[in-house]
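S.K.: Starting off with a structure, shown below.
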Amino acid sequence: MSANLVSPTKDITTAYGGVFGGVDLVYDTRVNSSNKQHSYLAKQWVRPPLHLAKSYEENQWALNLLMSPTAGLLAGDRIKLNIQVINQAKAAVISPAACRIHTMKSGSASITQHYKISNQSILDIWAAPLILQKQASLNQNTRVDIDASSTLFMLESIMPGRSAYAESFTFDAWSTKLEIYLDEELLVYENFTVEPNRGDTKDWQTFYPDAHYASFYYISPQVKKEFITQLHELELGVDNKLGASLCAGNKGIGIKILSRNSLHLRKAILAVRNFFEEQTSTSFPHASKRAQTFYH
């Protein structure tokens, strides 16, 4: 299956002092030879350092592996992702390997993301874990536009350095801004910066010296109030801490996870995803689970 190329976003150009790349993807639906509707990658544009692997199709889902074949992000590198899902499409975009944010003498790297989901569509974003190495600095800016008929699963996770180099929480800064708009009204707003040398991670390290962090958002018409209690009752063991809360109007759920290490974080993430799969009508493609083997 081939996808049509679309014109790149105008501001994705060579940047001074680093690379400037990204992806522009549109997922749609069409009727196949058996007269059944299925999802597919209708348009794509990709620029290094990102690489988009060949699309999977499974149970009406379109699934893509998005990865960086380079060593990671350096100072001045900028990545921009635009993903749109329309017309009842089901799209999963996952990253099977971690992304390293390298040591920087000055400056920072940046990741800008924009997701649009409409008309009873589903978008599952399982992003690569970000490994913040010594003296690394990263700025993230994410916007989601979704309508009330659609569903979003979105996960981001942070690893505080390379354990083999004793880099735990020696990065300079990680800044993140998240805006989720439901039917053009602001539903979720986050804007914070973590700087370990200011003591911003002391609360995390109270639980685990090398705490790994994940943030998960589930926006869907299938949200129920009782999900919060049930999520807090998940059996995650002493190596994971989970907190969940409802978004305004019970339109979504925000979940934060702290874990002792990457293996326990993976266990908690899978438990959360399995919970929503069991409690709702959404069934994740098996290919997405197989693709997450390389989680370091």
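S.K.: By DSSP, what percent of the beta bridges with both residues in the chain are antiparallel, rounded to the nearest 5? Present the calculation step by step, with values, prior to reporting the outcome.
M.R.: On the way: 47 of 105 bridges.
Roughly 45 percent of the beta bridges in the chain run antiparallel, per DSSP.
S.K.: Moving on. Charges only on Cβ, +1 for Lys and Arg, -1 for Asp and Glu: so what's the dipole of the stretch 19-290 about the Cα centre, in debye to the nearest 20?
M.R.: Details: 28 positive and 26 negative charges, 134 e Å.
Charge dipole of the stretch 19-290: 640 debye, to the nearest 20.
S.K.: If I model a spin label at GLU184 and LYS36 as a point 7 Å from the Cα along the Cα→Cβ vector, what separation in nanometres do I get?
M.R.: The answer from the label model is 3.8 nm.
S.K.: Further question on the same structure: Using only alpha carbon pairs under 8 Å that are at least six residues apart, calculate the relative contact order of the stretch 19-290 and give it in whole percent.
M.R.: Details: 695 pairs, mean separation 34.2, N = 272.
Relative contact order for the stretch 19-290 comes out at 13 percent.
S.K.: So, one more: So if I restrict to the alpha-carbon atoms in the stretch 203-242, what is the Rg, and what is Dmax, the biggest pairwise distance, in Å?
M.R.: 13.0, 38
S.K.: Which FRET efficiency value, to the nearest 0.05, is calculated for SER175 and LEU263 with the Förster distance at 45 angstrom and r the Cβ-Cβ distance? Could the numbers behind the result be given before it?
M.R.: Numbers: r = 27 Å, r/R0 = 0.61.
Given R0 = 45 Å and the Cβ-Cβ separation, E is 0.95.
S.K.: Given MET67, VAL85, PRO160, which one lies farthest toward the positive end of the charge dipole of the chain, if we put +1 on the Cβ of every Lys and Arg and -1 on the Cβ of every Asp and Glu?
M.R.: Checked the options; the winner is MET67.
S.K.: Holding the Cα-Cα limit at 32 Å, pick out from LYS105/LYS241; LYS80/LYS225; LYS80/LYS267; LYS177/LYS225; LYS80/LYS256 the pairs that are longer than that.
M.R.: Check vs 32 Å cut-off fails for LYS105/LYS241; LYS80/LYS225.
S.K.: Students often forget the sequence filter, so: which aspartates and glutamates lie under 16 Å Cα-Cα from LYS36 once same-chain residues fewer than 8 apart are removed?
M.R.: ASP28, GLU57, GLU58
S.K.: Jot down the radius of gyration and Dmax of the stretch 19-290, Cα atoms only, both in angstrom.
M.R.: Taking only Cα atoms of the stretch 19-290, I get Rg and Dmax of 18.3, 60 Å.
S.K.: Taking just the C-alpha trace of the stretch 104-258, give me its Rg and Dmax in Å.
M.R.: 16.6, 48
S.K.: Provide the FRET efficiency to the nearest 0.05 for the GLU57-GLU278 pair, computing r from the beta carbons and using R0 = 22 Å.
M.R.: On the way: r = 24 Å, r/R0 = 1.09.
Efficiency, from the Cβ-Cβ distance: 0.35.
S.K.: I need the fraction of alpha carbon pairs in the stretch 132-202 separated by more than 20 Å, rounded to a whole percent. Before the final figure, lay out each step's value.
M.R.: Values: 1055 of 2485 pairs.
For the stretch 132-202, the fraction of Cα-Cα distances above 20 Å is 42 percent.
No lab work stands behind these numbers, since they all come straight from the coordinates. Keep in mind it's a predicted model, so treat the numbers as computed, not measured. Counting neighbours? That spans all protein chains shown, and the Cβs are built from the backbone with ideal geometry, glycine included.
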